[in-house]
Amino acid sequence: MVERRVTIVTGASQGIGTSIAVGFAGLGDVVVLAARNNEGLEETARQVETAGGLPLVAETDVTNPRSVDALMDRVVGEHGHIDVLVNNSGVAGPSGRLWEVEADDWKSTFEVNVFGVFMMCRAALPLMVGRGSGAVINVGSISGKRPLFGRSSYTTTKMALVGMTRTLAAEAGPHGVRVNLVSPGFVAGPRLDWVIEAQAEARGISAAEVRREFEDESPLGRLTEPEDVARAVVFLASSDAEGVTGIDLNVNSGVVMY
């Protein structure tokens with residue numbers, strides 16, 4: 001029997017995370033579904049199973065060291081190893097001009113978007129290094145490349161992931177582990193709907209106007225779909241990307257091209 005690849009996807013309870021999990025399921029992976037929303041994880045698990053994967057639901061808080069350690073212990077205990085880690089967990093953070101944002105809201109955005117990625121990598125990388133192989137894909141954002149009005153905490157965390165990814169790629173590469181970043185942009189779904197509403201309120205215009213602006217920024221005249229991001233992540237974890245590490249791959253319908 002061929003050993004299944006073991007893939008961990010954080011933030012797997014909705015949106016991009018669900019699409020990523022289903023993408024790996026289509027390859028027959030054991031897909032470890034990690035998030036704080038257990039109800040959402042169960043729905044993702046059903047989709048993973050339907051797509052041909054083997055789901056493992058693990059309610060996890062990536063900002064809690066004990067929760068992360070428990071996740072790793074369970075995965076290794078049940079499957080013996082970890083092949084792929086997708087750090088997709090993230091929060092939108094507060095919306096407003098920097099001087100209007102509460103300090104606790106700013107800090108909590110970093111707790112999930114940066115510290116949570118650090119904690120997952122810190123726990124998983126020794127296991128990959130020990131095997132001499134593995135792939136880590138961090139999910140960033142085009143917001144880490146360009147301003148997005150009223151979203152200073154979010155954009156700062158996503159830029160931080162660029163530095164973390166490049167440094168990890170340099171540190172883990174000699175041990176056979178690749179580390180890359182995917183930067184989605186204006187991904188259709190509930191989170192973008194929230195961003196649009198917040199932008200509209202902050203700027204005093206309609207949500208329809210903001211949505212049209214987002215679409216018009218793309219040379220393709222479209223928003224990015226969660227499946228677009230999932231396909232890129234699956235590629236970076238595959239043997240077809242063996243020569244790719246330390247990159248920041250844009251998947252944003254051409255909104256940002258650098």
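What follows draws every value from the coordinates through simple rules; no lab data is involved. Model, not experiment: these values are computed from the prediction. Note: ideal-geometry Cβ built from the backbone for every residue, glycine included; neighbour counts use all protein chains shown.
Order the peptides 210-221, 94-105 from the highest to the lowest mean number of other Cβ atoms within 10 Å of their residues.
210-221, 94-105
Mind jotting down the distance between the C-alpha centroids of region 211-255 and region 175-207, whole Å?
Using only Cα atoms, the two centres lie 13 Å from each other.
Return an integer: the convex hull volume of the alpha-carbon atoms of region 164-258, in Å³ per residue.
Spelled out: Cα convex hull of region 164-258, divided by residues, is 112 Å³.
Report the equivalent ellipsoid semi-axes for the chain in whole Å, largest first, defined as the square roots of five times the eigenvalues of the gyration tensor built from alpha carbon atoms.
Each semi-axis is √(5λ); the values are 30, 19, 18 Å.
How charged is the neighbourhood of Val162? Take every other residue with its Cβ under 13 Å from the Cβ of Val162, and add Lys/Arg as +1 and Asp/Glu as -1.
+3
Once the piece of chain linking Glu78 and Arg4 is laid out straight, how much longer is it, given 0.36 nm per residue of separation minus the C-alpha distance between them?
25.4 nm
What do you get for the angle between helix 152-172 and the principal long axis of the chain? Use alpha-carbon atoms, 0 to 90 degrees, nearest ten.
30 degrees
What residues have an amide H closer than 5 Å to that of Ser183, excluding those fewer than 5 places away on the same chain, when H is modeled at 1.01 Å from N in the peptide plane?
Long-range HN contacts for Ser183: Gly140, Leu249, Asn250, Val251.
List the residues whose amide H sits under 5 Å from the amide H of Gly134, counting only those 5 or more places along or on another chain, with H placed 1.01 Å from N in the peptide plane.
Placed amide hydrogens put Arg178 under 5 Å from Gly134.
As a footprinting exposure proxy, order Val244, Val84, Val48 by other Cβ within 10 Å, with the fewest listed first.
Result, fewest neighbours first: Val244, Val84, Val48.
Could you size up the charge dipole of region 185-231 around its Cα centre, putting +1 on the beta carbon of Lys and Arg and -1 on that of Asp and Glu, and report it in debye to the nearest 20?
Dipole of region 185-231, to the nearest 20 debye: 60 debye.
For helix 226-236, report the angle its Cα long axis makes with the longest principal axis of the Cα atoms of the chain; keep it between 0 and 90° and round to the nearest 10°.
Computed tilt is about 40 degrees.
Quick check on the exposure proxy: order Lys145, Lys107 from fewest to most C-beta atoms within 10 angstrom.
Lys107, Lys145
Between Arg203 and Glu227, take the C-beta separation as r, use R0 = 45 Å, and let me know the FRET efficiency to the nearest 0.05.
E between Arg203 and Glu227, to the nearest 0.05, is 0.90.
With everything on Cα atoms, drop me the angle between helix 190-203 and the longest principal axis of the chain, reported from 0 to 90° to the nearest 10.
Helix 190-203 sits roughly 30 degrees off the main axis of the chain.
With a sphere of radius 15 Å drawn around the Cβ of Asn37, what net charge do the other residues whose Cβ falls strictly inside it have (Lys, Arg +1; Asp, Glu -1)?
-2
Which percent of Cα-Cα pairs in region 46-158 sits in each 10 Å bin, short to long?
Cα pair-distance distribution for region 46-158, in percent: 13, 36, 30, 17, 4.
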